[in-house]
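What follows is one structure encoded as structure tokens, with my remarks underneath.
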2 protein chains.
Amino acid sequence: MDTATRIEQALHAALALGEGPAGPPKLATAIRHAVFPGGARIRPQLCLAVARACGDGDPVLADGAAVAIELLHCASLVHDDLPCFDDATTRRGVPAVHVAYGERIAVLTGDALIVLAFQALAQAARHAPMRLPGLLSIVAQRVGAPTGIVAGQAWECEPYVGLAAYHRAKTGSLFSACTEAGALAAGANPERWQSFGLFLGEAYQVADDIRDAAMSTLLLGKPAGQDIALSRPSSATELGLQGAIAHFDALLARAVGAIPPCKGAPALRALVRAESERLVPEATVRTLAMAA
Amino acid sequence: MDTATRIEQALHAALALGEGPAGPPKLATAIRHAVFPGGARIRPQLCLAVARACGDGDPVLADGAAVAIELLHCASLVHDDLPCFDDATTRRGVPAVHVAYGERIAVLTGDALIVLAFQALAQAARHAPMRLPGLLSIVAQRVGAPTGIVAGQAWECEPYVGLAAYHRAKTGSLFSACTEAGALAAGANPERWQSFGLFLGEAYQVADDIRDAAMSTLLLGKPAGQDIALSRPSSATELGLQGAIAHFDALLARAVGAIPPCKGAPALRALVRAESERLVPEATVRTLAMAA
């Protein structure tokens, strides 16, 4: 089974834990709407890639960690799209959950997905409970306060925030959950895998800023995307489009350099290079930045 | 140390897990605002009372379960108070979190508290990981979809809901988490303790309905409280004030009858009787219902 299929199957199995004939139908439909169809599933892909690089000693536990992280990511998207945050009307090409099911169901969908993430992790660890406290702590720390994605979102409510701290919390933290949890699920030392995830996540957030600004440059002739509209810290605003691309390249190089020596390191390096081209495509974004 | 102090200390220790100099200050303050000062802390009290009745074999783990459940309860209150739900301006005599810190921080505070609850439970189970998958599953099931408190709240978004299913999900479920997790933390069989929690929780929700209707009867001369204003299912609306009190008494009797035989049963029965008088006071509510 390829990794993408393995991830979708594990997500379906996890969602089944939160479904049953006795539940309220709208919530159940909204939860599926928030998770399927997915995006690139880059976080669970990364988690499983690291588990594989570390020998894939416990695939069930690695699946549990990957699924938990993806469900937490989906929860954060549902809440980020709410009217009080980004007020986004679409997500992945379909109506956002609050548009399709109302604001109340959207709040509850995010809540239910957070709970389900930990439930799925516990379920996957039934045969290996010794690793559960560590895995759960890693995932919780990277999601909650003071430095996880919830904290990252909360920085948007503060009068001042440093760009690096903001990116680390908002995106880097969950990427480092992927690399750390993937390693721990396979029986490796998670601490050695933290930097790889942090650099990769920061690069991913910078790529988002770059695409946001590039899209606006393309459409409006000036960088005035969502980030500026919502007064969010953005690398493209702070460094300019070319500067942001240089920053992205540097972060990716540091990520690759932070991969600990292991049998699967070459495959991981290839994955990072493929992601780089997907995130900041040579043919469009880089060419545009040169011309700007 | 008395139980109330033990609970507050454990809550402070759990909140410290989500705090640090690197975090956004407003979120940290809002999280404390949501948890302190507390209400009656009836859920952690119940969890610890059951653990005690079962021999209190692992007080650290019981504290962890009690704290996780209270934090999840606090999270549900913060989200229930949001403008899209009850739009409540005060909670426990102080401004609701969304009033004091804004709607965005209120959404994130609820999210962070849910994460923190599972983190605190994992932390408390480091010395006893074998019990963590079971404890975590109990707590997650009683909070999430399809039958936990999140589902209970989601029933308010459906065109029809049966009163018993609604009460069971919205309140009974978390009370059964208390009794089941308290038992399991102490090494007892959680299933034997489920009914006690469910009946007690349902009684607690009926008592809420009764006080809501009684307060309105007292102030307005007719039962037109929050439940009717928000079109929520209410025992007092469905059964009348006297009928609802009879229903409450019956549920408490069933709760007491469901306490499994154990050394601590007499103390638990005394606790339930004391709660009964606190929830539906003889001198005010019952007298009022007789006169109505």
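Brief remarks follow.
- Scoring B:Q123 on the criteria (1) of a type in the set (S, T, N, Q); (2) buried (at least 21 other Cβ atoms within 10 Å of the Cβ); (3) facing another protein chain (nearest Cβ under 9 Å) leaves a single failure, condition (2).
- A:V150 closer than 26 Å to A:L251 by Cβ, of a type outside the set (D, E), at the interface with chain B (Cβ under 9 Å from one of its Cβ atoms) and surrounded by fewer than 24 Cβ atoms within 10 Å (Cβ to Cβ): no
- Only one of the numbered conditions (1) at the interface with chain B (Cβ under 7 Å from one of its Cβ atoms); (2) within 25 Å of B:Q123 (Cβ to Cβ) is violated by A:I105, and that is (2).
Results for (1) at pLDDT below 85; (2) under 23 Å from A:A165 (Cα atoms); (3) of a type in the set (V, I, T), shown as yes or no for each residue.
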site: A:F199; (1), (2), (3): no, yes, no
site: A:A207; (1), (2), (3): no, yes, no
site: A:G221; (1), (2), (3): yes, no, no
site: A:G225; (1), (2), (3): yes, yes, no
site: A:I245; (1), (2), (3): no, yes, yes
site: A:L251; (1), (2), (3): no, yes, no
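- For the condition surrounded by 15 or more Cβ atoms within 10 Å (Cβ to Cβ) and closer than 30 Å to B:D56 by Cα, B:A255 qualifies.
- The residue that is farthest from the other protein chains (Cβ to nearest Cβ), counting only those in the range B:9-27 that are closer than 17 Å to B:I42 by Cα and surrounded by 19 or more Cβ atoms within 10 Å (Cβ to Cβ), is B:A10.
- Just one residue in the set B:I138, B:I105 is farther than 23 Å from A:G152 by Cα and touching a residue at least 24 places away in the same chain (Cβ under 8 Å); that residue is B:I138.
- Test: residue in the range A:153-166 that is outside any helix (DSSP H, G or I), closer than 23 Å to A:V67 by Cβ and of a type in the set (S, T, N, Q): no
- Residue match in the range A:33-40 (condition: at positive phi, under 14 Å from the mean Cα position of the chain (by Cα) and either at pLDDT 95 or above or surrounded by fewer than 21 Cβ atoms within 10 Å (Cβ to Cβ) (or both)): no
- Taken over the range B:156-176, the criterion of being surrounded by fewer than 24 Cβ atoms within 10 Å (Cβ to Cβ), under 22 Å from A:I31 (Cα atoms), among the hydrophobic types (A, V, I, L, M, F, W, C) and free of Cβ contacts under 8 Å to residues at least 40 places away in the same chain is satisfied by B:C157, B:A165.
- Given (1) within 14 Å of the chain's Cα centre (by Cα); (2) more than 8 Å from chain A (Cβ to nearest Cβ); (3) modelled with pLDDT of 95 or more, index of the condition B:R168 fails: (3)
- Pairing each residue of the range B:90-101 that is surrounded by 12 or more Cβ atoms within 10 Å (Cβ to Cβ) with any residue that is in a helix (DSSP H, G or I) and polar (S, T, N, Q), provided the two are 6+ apart or on different chains, yields C-beta distances under 8 Å for B:V97/B:T109; B:Y101/B:T29; B:Y101/B:T109.
- In summary, A:T90 fulfils each of the numbered conditions (1) facing chain B (nearest Cβ under 7 Å); (2) over 23 Å from B:G102 (Cβ atoms); (3) hydroxyl-bearing (S, T, Y) with the single exception of condition (1).
- Within the range B:133-146, if we keep just the residues that are facing another protein chain (nearest Cβ under 8 Å) and surrounded by fewer than 24 Cβ atoms within 10 Å (Cβ to Cβ), the residue that is farthest from B:G172 (Cα to Cα) turns out to be B:P133.
The values are calculated or read from the model by the stated rules, or taken from the named source; none is laboratory data. These figures come from a predicted structure and were not determined experimentally. When we count neighbours, we look across all protein chains shown, and the Cβ atoms used for this are built from the backbone with ideal geometry, even at glycine.
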